[in-house]
Amino acid sequence: MKENETVFTKKLDIQYSEPAAEVSFEEFDKVLRSRRSVRVFKDEPIADSDIDKAIEHGLLAPNSSNLQPWEFFVVKTPKIKEELARYCFSQNGAKTASHLIVCVARTNTWKEHCELMLKGFRDSGEEVPAVVEQYYKKIAPAAYGLIGPFGILSPFKWLLLNGIGLTKVMARGPVWPSDLKTWAVKSTALACENIMLSLRALGHDSLPMEGYDECRVKKLLGLGRHQHLVMIIGAGKRAEGGVYGPQVRFPKEKFVHQI
Ligand SMILES: Cc1cc2nc3c(=O)[nH]c(=O)nc-3n(C[C@H](O)[C@H](O)[C@H](O)COP(=O)(O)O)c2cc1C
């Protein structure tokens, strides 16, 4: 790499091009605007294959460093689904859903996934570009690691990053275990939105839920301390009266700042 060049500024010399597909804004708009949180679903199961398709779309979500820090548990076994719905405070949306999808952010797979990224290049017979090698061998481990069990190293990492940051443009985190959780949750939430939009495009509906007893849900699924519940998505077909009212959004001026 040339002097003053970094993995972020170096332009890769690769022979690859991917033309943008023609798409219909109108169809996308219809999918997006007809997605509503459905509180009561019809007693009509949706095909497992459709859930598979929606989750596949979830897995295509953009995600930090392409480290894919997520996992999805599709709950369709009646007994477990019933128990899970009970842990969702017996919400009608959970009780009547055809499938429940438990969306989990993982904070302990990034190391393995760095290896998988490098392996992907090697398996394709391509030489791993030096910047990619550097990113997944050095930069990503420094960014997502150096935290230690229960954040024992976090104060040192904070001092290091903020010390360097006094004079240089510097990444400031993730530093604390909670930062790493936020890191994984961000990407997983994007996958969740893909899943819900995909369900709509397939003619189905959804309900994102964070109203649940986290401890009981984690115990039911046997999740550990590095597996963080992001939301549970109820999937099904909307029942008559299953949408409780028109979609309400505050004026966009409240949220959008033109600078
Ligand atoms: C992370 C998250 C958690 C939510 N949890 C619940 C929930 O537990 N129960 C529920 O009825 N709705 C839940 N919702 C749905 C919201 O209330 C709903 O998205 C909001 O009112 C806007 O309505 P709309 O989705 O129809 O546009 C949740 C939504 C999100 C994004």
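The values are calculated or read from the model by the stated rules, or taken from the named source; none is laboratory data. Quick caveat: nothing in here was measured; it's all calculated off a predicted structure. All Cβ positions, glycine included, derive from the backbone under ideal geometry; neighbour counts span all protein chains shown. Just so you know, the surface numbers come from the protein's heavy atoms only, side chains and all, with ligands and any DNA or RNA stripped out. Shrake-Rupley method; radii C 1.70, N 1.55, O 1.52, S 1.80 Å.
Summary table
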item	result
Dipole magnitude (debye, nearest 20) for region 89-157, charges at Cβ of Lys, Arg, Asp, Glu	340
Label-point separation, residue 150 to residue 82 (7 Å along Cα→Cβ), nm	4.0
Dmax and Rg, reported as Rg then Dmax, of region 49-114 (C-alpha, Å)	14.2, 41
Full-stretch length increase - residue 253, residue 210 - with 0.36 nm per residue and alpha-carbon distance subtracted	12.7 nm
P(r) histogram, all alpha-carbon pairs of the chain included - 5 Å bins from 0, percent	1, 5, 10, 13, 14, 14, 13, 12, 9, 6, 2, 1, 0
Inter-centroid distance (Cα atoms) of region 95-113 relative to region 149-227, Å	11
Which listed pairs, of 181/219; 95/252; 53/137; 95/254; 10/254; 30/218, have C-alpha distances above 27 Å, in listed order	95/252; 53/137; 95/254; 10/254; 30/218
MRE, 222 nm, helices only [DSSP H, n ≥ 4, -39500 (n - 2.57), over the chain, to nearest 500]	-12000 deg cm²/dmol
Extension reserve of the residue 14-residue 244 stretch, reckoned as 0.36 nm per residue once the Cα distance is removed	77.7 nm
Longest exposed-site-free window of the chain, the sites being chymotrypsin sites (Phe, Trp or Tyr not before Pro) in a DSSP loop that have at most 16 other C-beta atoms within 10 Å	90-243
Environment charge of residue 226, counting only residues whose C-beta is closer than 13 Å and scoring Lys/Arg +1, Asp/Glu -1	+3
Helical segments meeting 24 Å axial Cα length and Kyte-Doolittle -0.5 threshold in the chain (DSSP H)	177-201
About the Cα centre, charge dipole magnitude for the chain (Lys/Arg +1, Asp/Glu -1 at Cβ), debye	1000
Net charge dipole size for region 26-131 [Lys, Arg +1 and Asp, Glu -1 on Cβ; Debye, nearest 20]	660
Mean accessible surface per residue for the chain, computed with a 1.4 Å probe while every protein chain stays in place, in Å²	64
Cα gyration tensor, region 193-259 - rounded (a/c under 1.5), prolate or oblate	oblate
Low-density loop cleavage sites - trypsin sites (Lys or Arg not before Pro) in region 130-226, where at most 16 other Cβ are within 10 Å (DSSP)	168, 172, 225
Simple label model, 7 Å out from Cα along Cβ direction - residue 119 to residue 6, nm	3.0
Rounded FRET efficiency, nearest 0.05, which uses the C-beta distance separating residue 42 from residue 137 and R0 of 41 Å	0.20
Probe 1.4 Å - accessible area at residue 229, Å² to nearest ten	20
